[in-house]
Structure formats: structure tokens, C-alpha cells
Amino acid sequence: MGGGDKGLLRLGEGTILDQVIGRLSPQVAGMALNANGDAARFAALGLPVLADSVADHPGPLAGVLAGFDWAAEQGAEAIVTVAADTPFFPCDLVPRLQLAAEEMAHPLALAATPDGRQPTFGLWPVALRDDLRAALQEGLRKVVMWTDRHGGREALFDEAGEPFFNVNTPEDLERAQAMAGGRA
């Protein structure tokens, strides 16, 4: 895609991130955005922008940790993560993640399709914040390795289509434009 922030690409009457925020906001009490670099580029969204607190930007788990740190300051018990380049994720993502993690001492669940887990879509307990920080300092980078350590569960999304379609190429963006045009 030539670099830059895929979430800021135009989609329909807004951006990909506008679509993501529109889908997530009815499902959560508050939102923040994990991004590194100049936070001003996201100012129009009106969200707190959280940079990774771990050096060298070690991947999605660093974003989860930044979310944990922010959520702990807010007094939240859990966070939900979604990808900024996936504009059509299910509108019932959060309740289905919560259902999958029911009765766990520290609810932890990832979205999954018949093709496998979607590790950037998850419900994460803030109580595991120190454990995640230690795991990152030890060099762990794979989301599923960390979630498996804690008995993370899966919320299966097996409906037709591609519920976690993401925009990675110009062709994907064209396809997303067509998909956005056909949605209410």
C-alpha cells in the first residue's frame, strides 16, 4: 500500500478507521488507538493515541500492553482489540468474545474463523498486564503463544463471507469500496 496508515485510507464517506470506530463504539465503554509516531495524524478521531511502551515496536502484543496500561489508569478490567485495517468485523464481536470467555478467572478470548484464529481481535484481561510485560521483555512476540499460556479461548465466527477481511493491497481497498457500497 506504499506505507502510511492503512486506517486513514478513504472508504465510503470516511476512512477505514471511521468504519472500525463505528462498529466498535457501540460495543465498548471507551476507546483508544495504539499507534507509534506522530499522534497528531489521528487528532481528528478524538481518541487517545497510545504508543508502545516497549522498545523496538515488538508487534501486536506491545499494542495490547499499551492498551492494558491505559485501561488500568481508567479502572477497566479488560480491553478489546481490533485491527485498524479490518472495516467489516462483526457488529457482535464483543458479546461473542465475552461469551467464549465466560467463567474464566481472567477472561481471555480471540476471535476465530474456520481458517484459524484472528489474533488481533481479542478480549484481554488487564489483570495479566505484568505477565505480558515480562513475556515481552523475555522476547515473546507471538500472540497465540501468550494466549495459549493462559488458556485463552476462541470465539468462532463461521458466518458466510469474510468477517475479518482486511485491507492490505490496492485491490483489497477496491474490494472494500465495493463491500462498503453494498452495506446499509
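A short reminder: the numbers here are calculations on the coordinates, not readings from a lab. Predicted model, so just to flag it, every value in this text is computed and none were measured. Here the Cβ positions follow ideal geometry from the backbone for every residue, glycine too, while neighbour counts run over all protein chains shown.
For the reader, a short list of remarks on this structure follows.
- Residue within the range 50-72 that is surrounded by fewer than 19 Cβ atoms within 10 Å (Cβ to Cβ) and farther than 29 Å from Leu9 by Cα present: yes
- When residues of the range 129-164 are limited to those that are surrounded by 20 or more Cβ atoms within 10 Å (Cβ to Cβ) and aliphatic (A, V, I, L, M), the one nearest to Thr81 (Cα to Cα): Val143
- When Pro90 is tested against the conditions (1) touching a Phe, Trp or Tyr at 6+ places or on another chain (Cβ under 8 Å); (2) crowded, with 19+ Cβ neighbours inside 10 Å, the lone failure is (2).
- Search result, residues across the range 53-76 that are within 14 Å of the chain's Cα centre (by Cα) and not in a helix (DSSP H, G or I): Gly59
- Selected residue [small (Gly, Ala, Ser), touching a residue at least 12 places away in the same chain (Cβ under 8 Å), assigned to a strand (DSSP E or B) and buried (at least 19 other Cβ atoms within 10 Å of the Cβ)] from Ala84, Ala111: Ala111
- Counting only residues that are within 16 Å of the chain's Cα centre (by Cα) and either among the hydroxyl-bearing types (Ser, Thr, Tyr) or closer than 30 Å to Gln74 by Cα (or both), the range 164-184 holds 2 of them.
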